[in-house]
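Chemist: Take this structure, written in structure tokens, and hold onto it; I'll ask about it next.
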Amino acid sequence: VRRTVSNIRTDDPTGLAAFYSEVFDLDLMMDMGWIATLAAPGSPATQVSLAREGGSGTDLPALSIEVDELNDILDRLKTWGIHPEYGPTNEDWGVRRFYFRDPAGTLINVLTHIAP
């Protein structure tokens, strides 16, 4: 695991990002309109995303987990009898990802960055 990011649902990602940025001294790392991601200065693995959706018209997952080897995670999930609800797919913003539900029903986004 390279990083984990909690995802908070909001109709105004940019506005809510301004709040979290000011209150917690977080830096705006990405703002795509439908999602804004903040990180702690000097600690890019400490992040929170504020979003209207999960991207590509998907539901917003509770967590996004960046990994080195996406296929390894897929294989591990299969041993649990868990299959992706979305993907795996390459997204326009430079990630390959899939969604799954953990045994408690929580929607999780697993991703890796891909070369453009």
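Chemist: Using a 1.4 angstrom probe, figure out how much accessible area the chain has per residue, in square angstrom, rounded to the nearest whole.
Modeler: Dividing the accessible area of the chain by its residue count gives 58 Å².
Chemist: Compute the helix-to-body angle for 70-79: its Cα long axis versus the longest principal axis of the chain, expressed 0 to 90° and rounded to tens.
Modeler: In the chain, helix 70-79 runs at an angle near 50 degrees to the longest axis.
Chemist: Applying 1/(1 + (r/R0)^6) with R0 = 30 Å to the Cβ-Cβ distance of ASP25 and ASP92, what FRET efficiency is obtained, to the nearest 0.05?
Modeler: 0.45
Chemist: Report the per residue volume, in Å³, of the convex hull enclosing the C-alpha atoms of segment 49-98.
Modeler: So the per-residue Cα hull volume is 91 Å³.
Chemist: What nm value, rounded to one decimal, do you get for the distance between ASP12 and ARG52 when each label is placed 7 Å out toward the C-beta?
Modeler: For ASP12 paired with ARG52, the spin-label model returns 1.4 nm.
Chemist: Here is a further query. Taking R0 as 30 Å, what FRET efficiency do you get between ASN71 and TRP34 from their Cβ-Cβ distance, rounded to the nearest 0.05?
Modeler: 0.65
Chemist: Beta carbons within 10 angstrom, averaged per residue: use that to sort the peptides 85-97, 58-70, highest first.
Modeler: My ranking of the peptides, most packed first, is 58-70, 85-97.
Chemist: Additional query: Let me know the Kirkwood hydrodynamic radius for the chain, please, with Cα pairs as the basis and the value in Å to one decimal.
Modeler: 14.7 Å
Chemist: Could you tell me how many degrees, from 0 to 90 and to the nearest 10, lie between the Cα long axis of helix 13-24 and the main elongation axis, the longest principal axis, of the Cα atoms of the chain?
Modeler: Around 70 degrees separate the two axes.
Chemist: Just to be sure I understand: of the beta bridges DSSP finds with both ends in the chain, what percent are antiparallel, rounded to 5?
Modeler: 70 percent
Chemist: Turning to a different aspect of this structure: If I compute solvent accessible area with a 1.4 Å probe over the protein chains, what percent of it on segment 6-116 is carbon and sulfur?
Modeler: Of the solvent-accessible surface of segment 6-116, carbon and sulfur hold 52 percent.
Chemist: Would you mind classifying segment 1-59 by shape? Square roots of the alpha carbon gyration tensor eigenvalues, ordered a ≥ b ≥ c; an a/c under 1.5 is rounded, otherwise it is prolate if a/b is larger than b/c and oblate if not.
Modeler: oblate
The values are calculated or read from the model by the stated rules, or taken from the named source; none is laboratory data. Since the structure is predicted, the reported quantities are computational estimates derived from the model, not experimental observations. Positions of Cβ are backbone-derived with ideal geometry, glycine not excepted, and every protein chain shown enters the neighbour counts. Quick note on the areas: whole protein, heavy atoms, side chains included, nothing else; ligands and nucleic acids left out. Shrake-Rupley method; radii C 1.70, N 1.55, O 1.52, S 1.80 Å.
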